[in-house]
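Each remark here refers to the structure printed beneath this line.
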Amino acid sequence: MKSPDNSATPHDPEVLLRSGLRDTTPEFEHRWTTLKRRLRTKPVPRRSYAPGWWWGLVSAGITFAVILFVLRPQYPAPRPMPIAELAAYEELFRLEDELHPALPLSENTMLDDLLAMPTPSLDPS
Amino acid sequence: MSLAAALASVVSPDRLLHWLCAFAAPAGTDRAGAQAPEDDDHACLRRVAAGDPDALQPLFDRWKLPLLSFFYRALGSRPDAEDLALQTFDRVYRAAARYRPDAKFSAWLFTIARHELRHELRRRRRKPVEAVAPEDLALLAVDASPAERRRAAELEEQLLAALQELPERQRSALLLTAAGDLSHAEIAGTLGVSESNLHVILHRARHALRSLFPLRP
């Protein structure tokens, strides 16, 4: 990016692109000095030999294990129903046992009755 | 105090590494100071990684203007360009330990720079361009006439406006090519595209720029 010897300004955008800024501003240099001073106070981060995503995978695994084995909610086992409450259903069970065989019979009977019914006459007289 | 303990207190591991880096010149280079700039960049970065922040100064001196020009043309604003240039050097310092010298330093630097640029473009809204004074451009001769200064300022404003119309990838491809230090393979690596794809991007970018930039004698 050198200054051209001739003073005529070229009009080709590619030539213009190749020409950059001539110099920096004093403010920029001052900011650089401040940044450099700040960088001196903090050490360069050391090179990590594991890829970045590996640490994410490991921490996700540890979190999953902690949730599964440590923080898992400890629900009490279901309590069996007391015998006294079961007695209240005894009548229902007995009725069910008695009525259950009757249902198919009732349905078949109804079906036979329906099939044996006389065809209603369409003649109004 | 034993001799070993006394030595250890004087020669810290970081300082020892620094000396080793300074004296271990790469093969094919002369230790008397005739190193290629690229080797200098690698050596400086090794020193930064070894904990010597002062080694960042030569890198800053060498690359501040190419970086500033890249950001200035990409954003159309000198203050924003200065912010991003400093952020880039901050990031270079923090990432120095992760640098592998199998790539050119400038390619690595501009990859970081483009990352910063894209982050900035996502963050901010589009701003109107603010061209610098023509005296600040290397293009204009120091003893240019007032008419030439006016013309240069006008062209610079038109160029910035035309560049802002291009997609970021096309604009970055043009600016990295104009930086002049990077090969097409390195620019393609910086942009994350194949080399043949870069040729297509550059062709489209040049065509778009010429159609946007009014060529006047």
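Bear in mind these aren't lab numbers, they're just calculated from the coordinates by the rules spelled out. None of these values were measured; they are calculated from a predicted model. Heads up, the Cβs are rebuilt from the backbone with ideal geometry, glycines too, and the neighbour counts pull from every protein chain shown.
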Legend entry - Amide proton proximity set for B:LEU137, modelled H, under 5 Å, gap of 5+: A:ARG22
Inset, instruction - Quick one: which residues, 5 or more positions from B:SER77 or on another chain, have an amide H under 5 Å from its amide H? H modelled 1.01 Å from N in the peptide plane, none for Pro or chain starts. - result: B:GLU130
Legend entry - Residue order, fewest to most beta carbons within 10 Å, for B:TYR72, B:TYR93: B:TYR93, B:TYR72
Inset, instruction - Just rank B:SER196, B:SER172, fewest to most, by other beta-carbon atoms within 10 angstrom. - result: B:SER196, B:SER172
Inset, instruction - Find the eigenvalues of the gyration tensor of the Cα atoms of segment B:129-217, then list the square roots of 5 times those eigenvalues as equivalent ellipsoid semi-axes, largest first, in whole angstrom. - result: 28, 15, 10
Inset, instruction - Order by neighbour count: B:LEU191, B:LEU137, fewest other Cβ atoms within 10 Å first, most last. - result: B:LEU191, B:LEU137
Inset, instruction - Please turn the phi angles of segment B:138-146 into ³J(HN,Hα) values with the Karplus equation 6.51 cos²θ - 1.76 cosθ + 1.60 (θ = phi - 60°), one per residue in order, whole Hz, x for glycine and proline. - result: 5, 5, 7, 5, 4, 9, 5, 6, x
Inset, instruction - Give, as a single signed number, the net charge of other residues whose beta carbon lies under 11 Å from the beta carbon of A:LYS36, with Lys and Arg counted +1 and Asp and Glu -1. - result: +1
